[in-house]
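Working notes, beginning with the structure itself.
The values are calculated or read from the model by the stated rules, or taken from the named source; none is laboratory data. All values reported here derive from a predicted model rather than from experimental measurement. As a convention, Cβ positions derive from the backbone with ideal geometry for all residues, glycine included, and neighbour counts pool all protein chains shown. For accessibility, only protein heavy atoms count, side chains too; no ligands or nucleic acids. Shrake-Rupley method; radii C 1.70, N 1.55, O 1.52, S 1.80 Å.
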Amino acid sequence: AESVPTSAAADHGSADPPLDIATLRAQTREQLRAADLPRPGTDEAANPPAATVPREVLQERQAQLDEYEKADRRLKELTHPETSPEKLAEVARADLRRVEEKLAAPASSRDPAKGATDADRGDTKQAIEAAKAELKEAQARLEASRAEISKAGPAQEAMRQERDSLFQQLATLRAAGQDRSSVLAAAASPTARRLEQERLTNETLKAAVVSLRIKEAEARLDRAQKLAEVRELNVRLNEARARVAQRSLDQLQSRYRALAESRQRDLKRAAETEETRAEQSDDPLDRYRAGRLAELLDLEARIVRLEQALAAGTKPDLEEQKALADRALDDFAEIKQLLDDQSVSRLDALRLTNDFRRIGPERERLLRNEQASIEAQLQFYENGLSNVELELIEDAQADQMERDALIERLDAARQGPARDEFATLDVRHRDLLLRQRVALNGLVARASQTMEQVLRRRRVLEDEYGFIRTHIFWVRDQDSLGLPVVYQAARELRRLARGVLALVLEASNRKLWGSYSTEFLSAAVASLVLPLGLLRLRRFLRRRMAHALPPSHLHGHASVPRRAVQTVRIPGAGPDVVTTHEVGGDA
């Protein structure tokens with residue numbers, strides 16, 4: 001039989017008499033099957049003792065027994081887990097050592113481009129995509145582990161509050177049990193004593209359930225405290241894994257960059273060789289073939305450069321801009337929460353003021369740098385994509401006239417092989433164009449996504465600026481009104497009343513009408529000089545404000561647009577692309 005105390009044991013105070021849970025459960029099942037309320041018109045001897053217990057009392061006991069069984073099962077799972085916190089910490093430390101050893105291993109010094117083929121470049125490109133996915137997953141795990149640490153403190157505090165609440169419930173149930181014992185002692189009839197005894201059993205069982213829940217709450221709190229080291233180790237482990245994934249991605253991108261540059265150099269040398277052959281050849285077919293091959297080799301070199309940009313990434317980086325936009329959104333939400341709490345301190349008011357001053361220049365830099373750069377890239381890639389689409393539509397029609405003239409100059413025996421060579425060149429040209437379209441589509445898609453993040457960050461900054469500008473003047477950064485302020489206002493009103501009364505008395509004295517006092521003359525001069533001083537002070541303050549907050553569209557007055565020349569290095573574009581754009585105002 002299972003016998004448990006009805007309190008949290010002797011540690012929590014005097015214990016109530018123990019209950020035999022197994023026997024009590026069996027008795028309750030029997031009573032629920034046989035018992036019912038006594039029928040009217042029958043004496044007590046006609047009803048068995050079990051039948052004197054109301055059904056609702058037995059049903060309440062059955063519910064408490066079920067709750068006890070659930071709490072006992074949860075407590076056993078907490079006290080005898082499949083994996084203890086100590087074991088989890090040991091596993092995390094072992095994983096951390098392995099990852100740190102991997103980080104400490106030196107990088108390979110072998111030349112990645114030596115003996116490489118196009119297949120190696122394709123495999124490296126696929127490995128880069130896999131490494132990016134692995135890095136993203138590692139960063140997500142790292143953020144989750146950090147969020148778990150930030151939530152651990154409030155969760156433990158909630159567990160302590162729950163435990164304290166259970167202690168209060170236990171004290172209340174013990175007091176109710178003592179009251180029930182008093183009622184039982186004062187019962188007059190056997191039926192009343194039987195009923196009060198069953199109710200006292202229910203009260204005792206309720207106390208046993210709460211006592212078990214207290215043990216469960218303490219076991220859960222103890223496990224949460226032991227898991228604190230595991231959470232710290234998980235953060236360090238995920239940070240190390242993220243560094244390993246980042247280093248692996250950097251190495252793969254460096255290898256792909258070296259392979260792509262080596263391939264570009266080979267293609268350019270081959271193109272120069274073909275151009276030289278075209279210049280030196282006297283045969284028109286050889287000259288045309290060599291010139292066409294030089295063009296195709298040069299096109300493939302540009303395609304390799306575009307594929308390198310697609311695999312290695314360009315600046316501004318998409319993930320970086322997304323992180324900046326998310327951070328701006330979080331800052332805005334923090335400021336909203338700060339004002340919603342209605343508990344703004346002087347430090348909070350200072351932070352709002354600093355944010356108010358920061359947002360304008362930050363938005364200007366965003367327009368001048370990131371947005372201008374990504375707009376130039378997007379325009380360049382879109383233009384290249386349009387040219388590719390046009391070439392795919394026209395295909396070999398542009399060269400048909402030149403080829404027909406060339407074939408007419410050849411002997412009849414060479415005309416057939418010449419047409420076959422032209423068809424082979426057309427197929428290769430089309431394959432290269434399709435390959436270029438795929439690369440440009442990827443670059444345009446990524447540039448568009450980066451532009452969306454830049455614009456999202458810009459919108460957040462503008463909304464944050466407008467929100468602060470709307471609410472900053474209503475933020476209280478001084479003490480609220482009180483009795484000292486009222487007393488000061490009363491004193492000022494008395495002084496004002498005495499001054500007004502003195503002026504009225506002087507104005508009613510006819511003897512003073514013809515004379516001018518020094519105060520009157522000073523006030524007249526001040527009324528003439530004061531407007532000029534105020535105008536000069538206004539200009540001075542505007543200059544100071546313009547220095548502290550640079551003019552921008554956000555500050556209520558557009559700045560004079562100025563033309564800036566920016567050199568943007570775009571992979572695959574050959575020489576640097578020079579873009580001119582307006583900055584300031586609504587650039």
Every residue in the range 409-437 that is within 18 Å of Gly384 (Cβ to Cβ), of a type in the set (A, V, I, L, M, F, W, C) and surrounded by fewer than 14 Cβ atoms within 10 Å (Cβ to Cβ), please.
Leu434
Residues in the range 277-304 that are in a helix (DSSP H, G or I) and open to solvent by less than 60 Å² (accessible area, probe 1.4 Å) total 17
When both residues are 6+ apart or on different chains and their Cβ atoms are under 8 Å apart, which pairs have a first residue that lies in the range 373-388 and is under 16 Å from Gln449 (Cα atoms), and a second that is surrounded by fewer than 20 Cβ atoms within 10 Å (Cβ to Cβ) and small (Gly, Ala, Ser)?
Leu378/Ser448; Phe380/Ala573
Criterion: buried (at least 20 other Cβ atoms within 10 Å of the Cβ), assigned to a helix (DSSP H, G or I) and modelled with pLDDT of 85 or more - qualifying residue of Ala207, Ala175, Ala219
Ala207
Across the range 55-102, what is the total count of residues that are more than 30 Å from Ala240 (Cβ to Cβ), open to solvent by 50 Å² or more (accessible area, probe 1.4 Å) and of a type in the set (Ser, Thr, Tyr)?
1
Any chance you could count how many residues in the range 161-172 are surrounded by 13 or more Cβ atoms within 10 Å (Cβ to Cβ) and of a type in the set (D, E, K, R)?
2
Scan the range 384-404 and give yes if some residue there is of a type in the set (Asp, Glu), under 30 Å from Phe332 (Cβ atoms) and open to solvent by less than 40 Å² (accessible area, probe 1.4 Å), otherwise no.
no
Among the residues of the range 363-372, the number that are open to solvent by 30 Å² or more (accessible area, probe 1.4 Å) and farther than 19 Å from Gln449 by Cβ is 2
Filter result for Ser150 (within 29 Å of Ala242 (Cα to Cα), open to solvent by 70 Å² or more (accessible area, probe 1.4 Å) and among the small types (Gly, Ala, Ser))
yes
Filter pass, Ala240 being modelled with pLDDT under 90, out of contact with any Phe, Trp or Tyr (no Cβ under 7 Å at 6 or more places or on another chain), assigned to a helix (DSSP H, G or I) and open to solvent by less than 20 Å² (accessible area, probe 1.4 Å)
no
